[in-house]
């Protein structure tokens with residue numbers, strides 16, 4: 001698959017994507033965006049650096065740094081998005097001296113005043129494991145803001161989940177006796193429970209802040225047409241690209257760090273060859289056996305409640 005450098009021309013870039021190739025750009029996404037034509041992207045899915053001191057953000061560690069970068073990137077992302085296209089921006093919290101700043105607030109403030117851009121959902125991504133805190137409640141969710149440009153597409157039937165009560169029927173009225181829920185399944189709602197990519201996750205790589213492929217897959221299925229273009233300006237390990245490949249969409253990604261570019265290249269190559277290991281989108285959350293060794297309370301352990 002092509003890997004573009006800083007000296008890539010607009011002609012070469014647009015031609016590569018038009019041919020259906022997966023195109024990766026090694027460099028600052030702002031350079032890539034400047035070379036992109038208006039209204040060429042169907043769906044953007046990304047998780048920008050949170051400014052929390054990771055190795056890949058050593059020069060950007062404050063909320064002011066985060067906001068400055070997003071103010072430069074987001075208007076350009078809107079420009080390259082097609083009418084009817086979507087922008088999905090996944091963020092968490094920036095915590096300083098115990099005080100949490102929800103970064104999605106900043107994203108909303110930047111996008112809400114751009115003409116034609118509309119917030120459709122604030123998706124809560126919930127996961128059961130993560131860092132533990134002793135001074136506040138442990139963080140167990142992050143947020144994806146879904147914006148659209150103009151009238152949007154939304155293919156609900158591709159992402160339905162099983163009904164909780166599939167045999168439930170109306171008990172009165174003109175629909176009495178008929179199924180009360182859609183037999184194809186229900187809308188997954190705006191709270192998604194998916195395991196985060198920790199040390200034991202099947203998708204784990206050397207990237208410290210990976211999101212699961214399934215998170216991107218649901219957006220790709222619902223918001224991007226077959227053979228449409230998915231874009232990730234902060235590609236990292238390439239999870240959004242893997243999702244695009246699995247769902248038969250084209251992909252354009254940008255990554256500034258060579259080691260993460262290598263990770264993404266390897267994962268996308270595995271996806272193209274049908275050898276990538278991912279946690280299935282609809283796989284139920286694991287519930288441990290309460291009698292297993294790791295779930296059972298040790299007999300010698302006791303606590304006193306004051």
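Nothing in this text is a laboratory measurement; each read-out follows from the coordinates by a stated rule. All values derive from a computational prediction rather than experimental measurement. In this analysis, Cβ positions are derived from the backbone assuming ideal geometry, glycine residues included, and neighbour counts consider all displayed protein chains.
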Completion exercise
Between residue 34 and residue 180, the FRET efficiency computed from the C-beta separation at R0 = 51 Å comes out, to the nearest 0.05, as 0.45
Exercise for the section: Could you calculate the FRET efficiency of residue 199 with residue 164 from 1/(1 + (r/R0)^6), where r is the beta carbon distance between them and R0 is 35 Å, rounded to 0.05? Expected result: 0.60
Practice task
Find how much the distance from residue 285 to residue 156 grows on full extension, using 0.36 nm per residue of separation minus their present alpha carbon separation; answer in nm with one decimal.
Solution key: 44.2 nm
Handout entry: Pair residue 68, residue 113: separation of 7 Å Cα→Cβ label points (nm)
Key = 2.0
Problem - the range 3-272 pair-distance distribution - Cα-Cα, 10 Å bins, rounded % - result: 6, 28, 36, 20, 7, 3, 0
Completion exercise
Most exposed to least, judged by fewest other Cβ atoms within 10 Å, 286, 108, 165 sort to 286, 165, 108
Practice task
Please order 232, 42, 190 by the number of other Cβ within 10 Å, starting at the fewest.
Solution key: 190, 42, 232
Practice task
Any chance you could list P(r) for the range 76-145, counting all Cα-Cα pairs in 10 angstrom bins from zero, rounded to whole %?
Solution key: 17, 44, 25, 13, 2
Fill in the blank from the handout: With label points set 7 Å from each Cα along the Cα-to-Cβ direction at residue 171 and residue 83, the distance between them in nm comes to 4.9
Practice task
Report the relative contact order of the chain, percent, no decimals, based on alpha-carbon pairs under 8 angstrom and at least 6 residues apart.
Solution key: 19
